[in-house]
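Data first, discussion second: the structure below is written as structure tokens.
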Amino acid sequence: MCRYEFGGPFGVVAIMTGFPILMYYFWICLVFYDGNLVHPTSAGDLKPFLWRMWEHIRTDASPNLYAWKVYTGLIVYQLFLAWVLPGYMQEGLPVPSLGYKTLMYKCNAIWSIYATMITAAVLHNTGIFRMTEIIDHFGHLMTVAMIYGFGVSFFMYFITVATGNQIRMSGDFIYDMFMGACLNPRIGPIDLKMWLEVRIPWVIVFFMSVSGACKQYEQYGYVTPNMAFMCLATWLYLNACGKGEECIPQTWDMFHEKWGFLVIFWNFAGVPFSYIYSVVYMASHDPGKYRFSTPTYVLLYTTLLTAYYIWDTAMSQKSRFKMQTQGITTYRKTFPQLPRGTIENPSYIQTAHGNRLLTDGWWRYSRKPNYVADWIMSLTWGLCIGTASGIPYFYSVFFIVVLIHRCSRDFERCALKYGKDWERYCSIVKYKFIPGIY
């Protein structure tokens, strides 16, 4: 019997309809209503209110030719780079649905990212494609991204079922389309699931921030510390995804999660157009509305860099520990390699199931130290505009809900899988998230 997640068929329908509406609503509030949550002023204003919302979408978020060319061009260029650039070959975890066969992954995201940055700089400085245009067409690009998210999700479901490659299906069409039918879709040397996880969402997030900075410079002759903060924060995340790409095949997302609407839409549209509301606000408002004192800026940047260090090294420690269990002892040396990213002779619990549970490094203090640091970074993406608007805090609020759901699911599965070994692990690593608190 299938055990539904996300509230089953009704829940996923609500998510598939609710999130696009919410994304439009937040964008409208940020750009046209000074970052305030606008609402009907009375019952009689409900219909005019909806028409006003629709007019904003129709006028400023239509899927125009510019948006189609830019977004499609990005997809094609990223596929091209992923195909032709040299890359580090990383072996993934044994996949049960493939008879415990391991797949090889071509990891060249870091070179693709640098190539994209160089290309963007050339296009901007030659006037062929000005970076300021991206943030100005945010609404149009968001709509095209949503269309790609829905289109690719339905296409992958139907092509997977038509070719008989579906796995772990519930029998409910809309739920299976949401969760996905295929596990490891590929085009030549490109694993589409890993490609989409890095090459589209985080590239857009970074370049939206750069676009906002370029717009500020053209308007005011300088870039605010707040916008510079977002450029740094998004670059750190993008670069980390690229430099540590060989760690991705070792994750649960690649090993178990299917490629459906949940992942496809969120990477095409959700991440790039709902995580950087602070950039959207700053690009359309006077810097006086979010100016801080120098000590506040120092605290903000310090918090980001500290959280990033913990997140980066925690992810590296866990991934390289998994590689060590596979006999892999040589690692990529992409920039930057941070101290304590690899644990020599780590302590662990050997389970009767055959797996090893890491109890060293950051993982001796918390069962999810990477989640804690990741969430703190997401919080700073809202804090960079202070109290000017509450909408940029959506990322951190949404993210904590996702992380709590993931943790409850993961801990439950681990308890069933490892039994007493999991109890022993929990007695050693006592805290789920924050050491000494929870």
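If you wrap the stretch 292-437's Cα atoms in a convex hull and average its projection over all directions, what's the area in nm²?
10.4 nm²
A straight line joining the Cα centroids of the stretch 12-29 and the stretch 295-310 runs 31 Å. Where the alpha-carbon atoms of the stretch 297-345 are placed on the principal axes, they occupy 44, 17, 13 Å, in descending order.
Note on S97: accessible area approximately 60 square angstrom, rounded to 10, probe 1.4 Å, nucleic acids and ligands left out. Stretched out straight at 0.36 nm per residue, the stretch from A352 to H39 would grow longer than its current Cα-Cα span by 107.0 nm.
Quote the FRET efficiency, to the nearest 0.05, computed for R413 versus K289 with a Förster distance R0 of 45 Å and r equal to the Cβ-Cβ distance. The value I calculate is 0.50.
Counting only C-alpha contacts under 8 Å and six or more residues apart, can you give the relative contact order of the chain as a whole percent?
Across the chain, relative contact order equals 17 percent.
Taken one residue at a time, the phi angles of the stretch 168-175 give Karplus couplings (6.51, -1.76, 1.60, θ = phi - 60°) of 6, 8, 8, x, 9, 4, 5, 5 Hz. Gly and Pro are set to x. Segment R58..F398, full-extension length gain: 119.7 nm, with 0.36 nm per residue of separation and the alpha-carbon distance subtracted. Could you work out the relative contact order of the stretch 70-173, using alpha carbon pairs under 8 angstrom and six or more residues apart, expressed as a whole percent? Relative contact order comes out at 20 percent. With springs connecting C-alpha atoms under 10 Å apart, model the chain as a Gaussian network and identify which of I310, I385, I349 has the largest mean-square fluctuation. Among I310, I385, I349, the largest mean-square fluctuation in the Gaussian network model of the chain belongs to I349.
Think of a 1.4 Å ball rolled over the protein heavy atoms: the chain then has 45 Å² of accessible area per residue. Dividing the Cα radius of gyration of the chain by its Kirkwood radius returns 0.96 for Rg/Rh. Springs between Cα atoms under 10 Å define the GNM used for the chain, and in it the highest mean-square fluctuation of L238, L304, L403 occurs at L403. Computed over all pairs of different Cα atoms, the Kirkwood value for the hydrodynamic radius of the stretch 119-240 is 17.0 Å.
For the chain, adding -39500 (n - 2.57) for each run of n ≥ 4 DSSP H residues and dividing by the number of residues yields -19500 deg cm²/dmol at 222 nm. Computed in the context of the full set of protein chains, the accessible area of the chain at 1.4 Å probe radius has 66% of its extent on carbon or sulfur. For the chain, modelled as a GNM whose springs connect Cα atoms under 10 angstrom apart, the maximal fluctuation among P225, P96, P86 occurs at P96.
Per-residue Karplus couplings for the stretch 360-367, computed as 6.51 cos²θ - 1.76 cosθ + 1.60 with θ equal to phi - 60°, are listed in order as 9, x, 5, 7, 7, 9, 8, 6 Hz, Gly and Pro entered as x. Between amide H atoms placed 1.01 Å from N, distances below 5 Å from D191 occur with K106, all of them 5 or more places distant or on a separate chain. The distance separating the Cα centre of the stretch 389-438 from that of the stretch 203-278 comes to 24 Å. In this structure, the pairs whose alpha-carbon distance is over 23 Å, taken from K333/K368; K243/K430; K69/K106; K101/K243; K258/K430; K318/K417, are K333/K368; K243/K430; K69/K106; K101/K243; K258/K430.
Amide H contacts of Y348: T359, each under 5 Å away and 5 or more positions distant or on a separate chain (H built 1.01 Å from N in the peptide plane; Pro and chain starts excluded). The protection proxy used here, the mean number of other Cβ atoms lying within 10 Å of each residue, ranks peptides 332-338, 275-281 as follows, highest first: 275-281, 332-338. When nucleic acids and ligands are ignored and a 1.4 Å probe is applied, D421 ends up with an accessible area of around 30 Å².
About the centre of its Cα atoms, the chain shows a dipole size close to 980 debye [charges on the beta carbon of Lys, Arg (+1) and Asp, Glu (-1) only; nearest 20 debye].
Under the shape rule built on the C-alpha gyration tensor, where the axes satisfy a ≥ b ≥ c, the stretch 237-308 is oblate, since a/c reaches at least 1.5 while a/b does not exceed b/c.
For the pair the stretch 153-192 / the stretch 42-93, the C-alpha centres are spaced 22 Å from each other.
Name the shape class, rounded, prolate or oblate, that the alpha-carbon gyration tensor gives for the stretch 35-149, where a ≥ b ≥ c are the square roots of its eigenvalues, rounded holds for a/c under 1.5, and otherwise prolate holds if a/b is larger than b/c and oblate otherwise.
Numbers: a/c = 3.53, a/b = 1.65, b/c = 2.14.
Oblate, since a/c reaches 1.5 and b/c is not below a/b.
Note on T143: accessible area is roughly 10 Å² with a 1.4 Å probe, heavy atoms of protein only. Put a dot 7 Å past the Cα of A14, heading toward its Cβ, do the same for F49, and the two dots end up 2.0 nm apart. Please report the net charge: other residues with Cβ closer than 14 Å to the Cβ of N64, K and R +1, D and E -1. That works out to -1.
What is the projected area of the convex hull of the Cα atoms of the stretch 337-414, averaged over all directions, in nm²?
Details: hull surface 28.3 nm².
The number I arrive at for the stretch 337-414 is 7.1 nm².
Within the same chain, aspartates and glutamates fewer than 8 places from K289 are excluded, and of the rest, those with a Cα less than 19 Å from its Cα are D34, E218.
The values are calculated or read from the model by the stated rules, or taken from the named source; none is laboratory data. All values reported here derive from a predicted model rather than from experimental measurement. Cβ coordinates were reconstructed from backbone atoms using ideal geometry, including for glycine residues, and neighbour counts include every protein chain displayed. The protein model used for the area step is the full one, side chains on, heavy atoms only, and it has no ligands, DNA or RNA in it. Shrake-Rupley method; radii C 1.70, N 1.55, O 1.52, S 1.80 Å.
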